[in-house]
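Enquirer: Got a structure for you, questions after.
The values are calculated or read from the model by the stated rules, or taken from the named source; none is laboratory data. Just so we're clear, the structure is a prediction, and the values are computed from it rather than from any experiment. Positions of Cβ are generated from backbone atoms using ideal geometry, with glycine treated the same way; all protein chains shown enter the neighbour counts.
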Amino acid sequence: MPTFSLASPGLAYPDILHPASRRRLTAQSARRDAFVELDGVGFAYQPGRPVLADLTLRFPRGKVTTILGGSGCGKTTLLRLIGGVHAPLSGRVLVDGETVDARDASRLQRLRRRMGVLFQFGALFTDLDVFENVAFPIREHTLLPAAVVRDLVLMKLNAVGLRGAAGLRIGEISGGMARRVALARAIALDPELIMYDEPFAGLDGVSMAVTARLIRTLNDATGATSLLVSHDVPESLGISDHVVLLGTQGRVLAQGTPDELLASADPETRQFLHGGADGPLRFHYPAPTLAADFGVPE
Ligand SMILES: Nc1ncnc2c1ncn2[C@@H]1O[C@H](COP(=O)(O)OP(=O)(O)OP(=O)(O)O)[C@@H](O)[C@H]1O
């Protein structure tokens, strides 16, 4: 006789259940497995120029997911929508089952308290030292006593190997160290969701490897859900459980495990993952014909 548990994800519900109940339970189970969901999301910065069109995606809970895609396909915009920086024009974004509503400031603030973001190039405050950069979100969002803030900051800096650098000014540390300080700041409030926008940009090979290992280790140690936007295919695939490849207007070209994507025979996926200047993904941004721009015959 088959055994099953209502707690196990993705299980096939037994036939004794009414089909409607089975569908509802299956949907709830899928929801529990996804920490971030996008349902039919559309977004544009300017009318008539859609950046994302009808995008539906689920990001698995407790896993590292990398979002890949050509320049300008909307990866950073996607992170901004999840963070509630912009509101979708259609569809909805959910974090842990709760709708991200950019117009409801107090609810958004509560949700954001559960997110950590590592912006492109770290974006540290150069007028604050390493310690104060990490302490910043703790002071912003909590009223913890100074001694507790101190211990928390030193613990986060210890996690990224920089407890000894607490007193240094931002100008005194290397690019790789700065990225690690930004990482410590992103995890300062023990977020359940950590979003990384180009965490490897501008780093040398060693710093890149250190940062990648840290992202994976922090994810595993905290049980957080991590979303990574990156152009660095080997580094990001090496630490990911799940990969999403986006095309223009956020069209999902492929998704699956890194091995599944690497083995894909789809020409667009192959061109993106294995490199290649030309192929189905075009080099030229859409433009008028050369003849029209330069007044020469076709
Ligand atoms: N604040 C903004 N105002 C207007 N248009 C914007 C704004 N931010 C981004 N865009 C446009 O939206 C589109 C998607 O941009 P986005 O930064 O999300 O892409 P991306 O995939 O992250 O690109 P990249 O990999 O180059 O960082 C691009 O065409 C970009 O020019």
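Enquirer: Kindly indicate whether any position in region 185-192 is closer than 17 Å to T126 by Cβ and at pLDDT 90 or above. Reasoning before the result, please.
Expert: So the first thing to find is which residues in region 185-192 are closer than 17 Å to T126 by Cβ, and the list is 185.
With the extra rule that they be at pLDDT 90 or above, the set shrinks to 185.
The answer is yes, given that some residue of region 185-192 is closer than 17 Å to T126 by Cβ and at pLDDT 90 or above.
Enquirer: Are there any pairs with C-beta distances below 8 angstrom linking a residue in region 206-235 that is basic (K, R) to a residue that is away from the ligand (no atom under 16 Å from the Cβ), with the two at least 6 apart or on different chains, and if so which?
Expert: That search, which allows pairs on different chains as well, returns R213/I239; R216/V64; R216/I239.
Enquirer: State whether the residues of region 124-135 include one that is of a type in the set (F, W, Y), within 16 Å of the ligand (Cβ to nearest atom) and within 25 Å of P199 (Cβ to Cβ). First the steps, then the outcome.
Expert: Filtering region 124-135 down to residues of a type in the set (F, W, Y) leaves 125, 131.
Imposing the further condition that a residue be within 16 Å of the ligand (Cβ to nearest atom) reduces the set to none.
For region 124-135, residues of a type in the set (F, W, Y), within 16 Å of the ligand (Cβ to nearest atom) and within 25 Å of P199 (Cβ to Cβ): absent.
For every residue, the table says whether it meets (1) more than 29 Å from P234 (Cβ to Cβ); (2) surrounded by fewer than 15 Cβ atoms within 10 Å (Cβ to Cβ); (3) at pLDDT below 90.
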site: S5; (1), (2), (3): yes, yes, yes
site: Y13; (1), (2), (3): yes, no, yes
site: A20; (1), (2), (3): yes, yes, yes
site: A27; (1), (2), (3): yes, yes, yes
site: G42; (1), (2), (3): yes, no, no
site: Q46; (1), (2), (3): yes, yes, no
site: P50; (1), (2), (3): yes, no, no
site: T66; (1), (2), (3): no, no, no
site: L79; (1), (2), (3): no, no, no
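Enquirer: Can you tell which of D241, D259 is surrounded by fewer than 16 Cβ atoms within 10 Å (Cβ to Cβ), within 25 Å of V117 (Cβ to Cβ) and among the acidic types (D, E)? Quick ask: steps written out before the conclusion?
Expert: Numbers: D259 fails: within 25 Å of V117 (Cβ to Cβ).
On inspection, the qualifying residue turns out to be D241.
Enquirer: Considering only residues of region 81-95 that are buried (at least 18 other Cβ atoms within 10 Å of the Cβ) and within 16 Å of the ligand (Cβ to nearest atom), which is farthest from the chain's Cα centre (by Cα)?
Expert: Among residues in region 81-95 that are buried (at least 18 other Cβ atoms within 10 Å of the Cβ) and within 16 Å of the ligand (Cβ to nearest atom), the one farthest from the chain's Cα centre (by Cα) is P88.
Enquirer: Separate question: Could you please let me know if G202 is out of contact with any His (no Cβ under 9 Å at 6 or more places or on another chain), more than 30 Å from G40 (Cα to Cα), within 16 Å of the ligand (Cβ to nearest atom) and modelled with pLDDT under 90?
Expert: Numbers: out of contact with any His (no Cβ under 9 Å at 6 or more places or on another chain): yes; more than 30 Å from G40 (Cα to Cα): yes; within 16 Å of the ligand (Cβ to nearest atom): yes; modelled with pLDDT under 90: yes.
Here the answer is yes, as G202 does meet what is asked.
Enquirer: OK, next. Based on what the data block shows, is R270 under 18 Å from T76 (Cβ atoms), out of contact with any Lys or Arg (no Cβ under 7 Å at 6 or more places or on another chain) and either surrounded by fewer than 19 Cβ atoms within 10 Å (Cβ to Cβ) or of a type in the set (V, I, T) (or both)?
Expert: Details: under 18 Å from T76 (Cβ atoms): no; out of contact with any Lys or Arg (no Cβ under 7 Å at 6 or more places or on another chain): yes; either surrounded by fewer than 19 Cβ atoms within 10 Å (Cβ to Cβ) or of a type in the set (V, I, T) (or both): yes.
Spelling it out, it is not the case that R270 is under 18 Å from T76 (Cβ atoms), out of contact with any Lys or Arg (no Cβ under 7 Å at 6 or more places or on another chain) and either surrounded by fewer than 19 Cβ atoms within 10 Å (Cβ to Cβ) or of a type in the set (V, I, T) (or both).
Enquirer: So which residues in region 30-80 are more than 8 Å from the ligand (Cβ to nearest atom), in contact with a helix residue (DSSP H, G or I) (Cβ under 8 Å, 6 or more places away or on another chain) and more than 23 Å from R112 (Cβ to Cβ)?
Expert: P50, A53, L68
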